[in-house]
Amino acid sequence: MTGGPTEVAAILRQVLGDVGVLTGSDAAVRTVGGAEPVPLGADVVARPASTSEVSRVLAVCSELGVPVVPLGGGTGLVGGATAHGAVALSLERMRTIHEVDPADRVLVADAGVVLEAAQEAAAGAGLDLGLDLGARGSAQLGGLVATNAGGNGVIRHGMTRQRILGLEVVLADGTVVDGIRRMVKDNTGYDLASLFVGSEGTLGVVTRVAWRCSPRAPAKATALVSVPTFDAVVALLAALQTATAGTVSAYEVMWRSFYDLVAVESGRHRPPLPADSPFYVLTEVEFGSSSDAGERFAEVVRAMVDAGHVTDAVVAHTAADREALWAIRDDIPALVGALGIRLAYDISMPIATMEGYLSDLGEALEERFPGSRLVVFGHLGDGNLHVTIGGPDEHADEVDELVYAPLAALGGSISAEHGIGRVKRAHLRRSRSDPEIAVMRSIKQALDPHGILNPGVLFD
Ligand SMILES: Cc1cc2nc3c(=O)[nH]c(=O)nc-3n(C[C@H](O)[C@H](O)[C@H](O)COP(=O)(O)OP(=O)(O)OC[C@H]3O[C@@H](n4cnc5c(N)ncnc54)[C@H](O)[C@@H]3O)c2cc1C
């Protein structure tokens with residue numbers, strides 16, 4: 001780096017003005033990281049208000065050789081936005097929703113727009129972004145794109161990648177690549193937008209997003225059900241999809257370990273069902289008309305009881321009922337409060353392999369760390385499990401090995417939806433082959449030859 005933070009801040013102030021640059025305690029108070037926040041770590045936070053200002057910040061930093069870490073809402077869970085020794089480039093002043101077009105079903109917005117604001121704008125036009133997650137009040141569109149976020153609706157609407165029609169991106173040297181497209185059909189060469197989706201701020205700064213929306217379903221119905229076996233969990237999903245013409249929009253499975261801890265032990269909820277079942281499924285279905293959707297879904301659930309897939313159930317009849325059910329599934333603070341966040345994993349594998357994998361993991365943990373606690377929940381329909389382990393905090397490397405080592409043979413992934421960031425960098429090789437990593441490095445080298453964008457994320 002040429003010049004220290006004070007010199008860099010002074011140069012950036014010439015580009016962005018005082019309002020566009022934070023230093024000292026204004027920068028030091030910034031945190032990132034969700035339930036257990038850590039300091040952002042940047043001495044300088046640049047806050048451009050337009051794409052051309054982003055371009056000038058990157059041109060200046062590139063010239064000076066100063067590393068730049070793009071910063072969205074700071075809710076990422078793999079340490080991708082920590083910015084020690086770098087300029088944090090925050091998109092927080094770029095919050096304009098430029099267009100919501102119901103005919104083409106597209107929303108075009110700045111990357112700094114918060115997910116919830118985009119959801120509300122889309123809803124106002126009868127559209128649905130098709131993406132939702134617990135951090136909706138802070139996560140930004142640019143952050144969602146950079147991490148290829150998943151969330152609760154993937155089973156019906158796909159990951160962020162499936163929602164992106166086009167992106168405007170600024171490269172490390174300040175070049176603006178305007179790839180905003182509104183068309184689903186556009187086969188004119190490489191899919192450049194897709195290259196930046198999931199690139200975690202290592203290839204460019206996303207400044208504007210064309211987001212593919214879905215028609216907004218007139219009604220959703222929600223139920224929490226007790227399920228007697230893992231086979232029944234799998235059979236229930238298939239039966240629900242058949243009974244509802246494939247409109248299941250959430251299928252969140254909580255193992256008893258999770259339900260016990262969050263719904264009962266934490267004392268933070270009124271348990272809607274007794275804690276005597278091995279599995280609980282929080283499921284949601286979209287309906288084409290709002291009249292009696294709850295009653296129609298209750299009928300479907302009764303049929304699932306008759307078929308033996310479900311032993312007990314509660315169907316939400318009001319918005320408050322629905323919120324209370326989701327509050328259990330989303331209560332990560334209760335989980336973190338009890339077990340800490342140090343040994344929390346976001347993995348994926350074929351559904352058929354899950355039961356055996358978890359049984360083996362439980363046995364291995366009990367043998368090596370007797371008394372440790374294995375708590376599991378996840379977006380099962382997407383093959384995605386969130387596994388949290390309480391107890392052997394001091395033995396993270398060994399626990400990583402127990403969790404990750406079997407995944408390759410199962411065709412699974414060490415990161416289902418949170419990305420690699422800095423936290424999982426050492427494990428990338430478990431999910432990507434050497435030739436794949438070599439291609440990724442070539443792309444990085446081509447777009448960011450001096451390695452100023454988010455160094456230390458994905459690769460050393
Ligand atoms: C309570 C909670 C629930 C969550 N649930 C889910 C879930 O269900 N599914 C899921 O996938 N994730 C989930 N997450 C993780 C997180 O919300 C997502 O990773 C989200 O996409 C991060 O967005 P952000 O704006 O906060 O990005 P940040 O945390 O600010 O950044 C994340 C990464 O993206 C890069 N980045 C940010 N903005 C840009 C940009 N404009 N251009 C280029 N790079 C950029 C950063 O450098 C960093 O590497 C959850 C987090 C919390 C706290």
Single residue of segment 195-210 satisfying the filter (of a type in the set (Gly, Ala, Ser) and crowded, with 23+ Cβ neighbours inside 10 Å) that is nearest to the ligand (Cβ to nearest atom): Gly201
Failed criterion for Ala426 (all others in (1) part of a loop (DSSP other than H, G, I, E, B); (2) without any contact (Cβ under 8 Å) to a residue 24 or more places away in the chain; (3) of a type in the set (A, V, I, L, M, F, W, C) hold): (1)
Pro70 vs. criteria modelled with pLDDT under 95 and either of a type in the set (A, V, I, L, M) or within 11 Å of the ligand (Cβ to nearest atom) (or both): no
Output for segment 54-85, where each listed residue is under 20 Å from Val19 (Cα atoms) and surrounded by fewer than 22 Cβ atoms within 10 Å (Cβ to Cβ): Ser55, Arg56, Ala59, Val60
Odd one out for Ala327 among (1) at pLDDT 95 or above; (2) buried (at least 17 other Cβ atoms within 10 Å of the Cβ); (3) within 16 Å of the ligand (Cβ to nearest atom): (2)
Segment 79-130, residues that are under 30 Å from His379 (Cα atoms), assigned to a loop (DSSP other than H, G, I, E, B), within 9 Å of the ligand (Cβ to nearest atom) and of a type in the set (A, V, I, L, M): Ala81, Leu91, Ala111
Selection from segment 37-67 of residues that are part of a helix (DSSP H, G or I) and either modelled with pLDDT under 95 or charged (D, E, K, R) (or both): Glu53, Arg56, Glu63
Options Gly134, Gly143; residue that is touching an Asp or Glu at 6+ places or on another chain (Cβ under 9 Å) and within 7 Å of the ligand (Cβ to nearest atom): Gly134
Residue selected from segment 404-423 under the condition over 18 Å from the mean Cα position of the chain (by Cα) and outside any loop (DSSP other than H, G, I, E, B), by the criterion surrounded by the most Cβ atoms within 10 Å (Cβ to Cβ): Leu407
Hey, Arg181 in a loop (DSSP other than H, G, I, E, B) and either polar (S, T, N, Q) or without any contact (Cβ under 8 Å) to a residue 60 or more places away in the chain (or both) or not: yes
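The values are calculated or read from the model by the stated rules, or taken from the named source; none is laboratory data. These numbers come from a predicted model, not from an experiment. When we count neighbours, we look across all protein chains shown, and the Cβ atoms used for this are built from the backbone with ideal geometry, even at glycine.
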